Amino acid sequence: MAMTKEKYDIKDINLADQGKNQIEWAFKDMPVLTSIKERFEKEQPFAGLKLSACVHVTKETAALCVVMKAGGADAVLVASNPLSTQDDVAAALVKHYEIPTFAVAGESVETYKEHIEEALKHDPDIIIDDGCDIVATIHAKHPEMAAKIIGSTEETTTGIQRLQALEAEGKLKFPAVGVNTSLTKYLYDNRYGTGQSTMDGILRAANILIAGKTVVISGYGWCGKGCAMRAKALGANVIVCEVDPLKALEAAMEGYRIMPIAQAAKEGDIFITVTGNKHVVDVKHILSMKNGAFLANAGHFNYEVNVPDLAAETLEIKKIRPTLEEYKLKNGKSVYVLAEGRLVNLISAEGHPASVMDMSFANQALGIEFLVKNKGKLENKLYTLPLEVDIDIAKLKLKSMGLEIDTLTPLQEEYLKTWNI
Ligand code: ADE
């Protein structure tokens, strides 16, 4: 396929054929998204609409963009993290799928922001965001753009927190769909996706044995549950740190040890943050850790482990392996920081596998369709897709897995509606 758009910023166009193989590989495990693509090809729900997407540039995201384009959208893609881009996928999107892409693995924060501006120069009608950077940039710097925007979808907990903050201040300028509040997103992607890809990232970065180690998980939301479950399955002793009494109680009943991070810091061998908050593992905690502790973050932003402020306590940073750095501390100990404190699952590994992104990105595609179909009828609020959409996605996924379930008999249906038994 010839390239019609000249504007893009990628590492190397010669990686395009390799990237195409990757995207085709992802599609094989994305049956739900594929069935949506077939419908979109016929119905063209996005004909004449411009889409700007800011999502990790992976083979799975490429599949989503291809589906949106099949539905008629004129799409551009930028990265939602400076380090997570798969350069071969970015090249394939430009060369083989004619989707302008602005993303280079390892780009500076400045270039990352310039790429967001490129996404805005596209003058979008619809937005797919992962972390709220496009939407926040429009609200902070280009509020005049909001008038033509039909709406946006948001992939992550962190992005939804930012949208909720905008909504609470009465400043949200268009409707948004929080994909992360769909059951077929958070119950599967956050738990099984983050659980597996975080361990994958730690193993690829450091290739250490997990069995017998003490793994400290900060945050017992769905991502934390997944990380704890997978660490335990590999033989770790798991400690959970929480601020929410209900979640802490849940973790305790699952058999994990519960304690404040100040205490866990002294016991842990491997630390994983999945809170969506700031300085959860702070410098004072790091200074009290054992010599040789590993620090990994699987939350959206790189604030959870306070790596920037660790510099003042560090004599030397030594690169050990591609995404593993040793911080030789002034107190005589060393700690190992994975992926510079950024998303370990996407930077040291490849993010969640296609099979689970299939459902997350089905929600993205259907979320945009919901916004377009309801154009002019929605308030400038944060929406969750209707439960029927979750049920349809789950049915399609079960079917693709060759699994059948039971249906209620008329007698059972009646029984469930009866109080006088
Ligand atoms: N977030 C987690 N895994 C991902 C993937 N494979 N692609 C895009 N975003 C992701």
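Structure notes:
- Peptides 309-316, 182-189 ranked from most to least packed give 182-189, 309-316, packing being the mean of other C-beta atoms within 10 angstrom over each peptide's residues.
- Projected area, mean over directions - the stretch 162-294, Cα convex hull, nm²: 9.5 nm²
- Annotation: average projected area of the chain is 23.5 square nanometres, based on the convex hull of Cα atoms across all directions.
- The stretch 334-379, dipole about Cα centre (Lys/Arg Cβ +1, Asp/Glu Cβ -1), debye to the nearest 20: 240 debye
- Rounded to whole numbers, the Karplus 3J(HN,Hα) couplings from phi for the stretch 260-268 are x, 4, 4, 7, 4, 3, 7, 9, x Hz, using 6.51 cos²θ - 1.76 cosθ + 1.60 with θ = phi - 60°, and x at Gly and Pro.
- Residues whose amide H falls under 5 Å from that of Ala293, counting only those 5 or more places apart or on a different chain, are Tyr336, with hydrogens built in the peptide plane.
- Estimated distance in nm for a label pair at Lys113 and Glu43, the labels positioned 7 Å out from Cα along Cα-to-Cβ: 4.0 nm
- Where N is the number of residues in the stretch 131-236, Cα Rg divided by 2.2 N^0.38 Å: 1.38
- The Cα-based radius of gyration of the stretch 258-323, divided by its Kirkwood radius, gives an Rg/Rh of 0.94.
- Charge-dipole axis of the chain as Lys and Arg at +1 and Asp and Glu at -1 on Cβ define it, positive-most pick from Gly48, Cys227, Leu187: Cys227
- For Leu329, distant residues with modelled amide H under 5 Å away: Leu315, Ser334, Val335
- Based on every Cα atom in the stretch 232-291, Rg and the maximum pairwise Cα distance Dmax equal 11.7, 33 Å.
- Ordering of 18-30, 60-72 by burial proxy (mean other Cβ atoms within 10 Å per residue, highest first): 60-72, 18-30
- When the Cα positions of Ile208, Ala140, Ala252 are compared along the charge dipole of the stretch 131-273, Ile208 comes out farthest toward the positive end, with charges on each C-beta of Lys, Arg, Asp and Glu.
- For the peptides 100-111, 77-88, the ranking by mean Cβ contacts within 10 Å, running from highest to lowest, is 77-88, 100-111.
Each reported figure results from applying straightforward, stated rules to the coordinates on display, with no laboratory input. From a predicted model like this one, the values you see are computed outputs, not experimental measurements. Don't worry about glycine lacking a Cβ; one is built from the backbone with ideal geometry, like all the others, and counts go over all protein chains shown.
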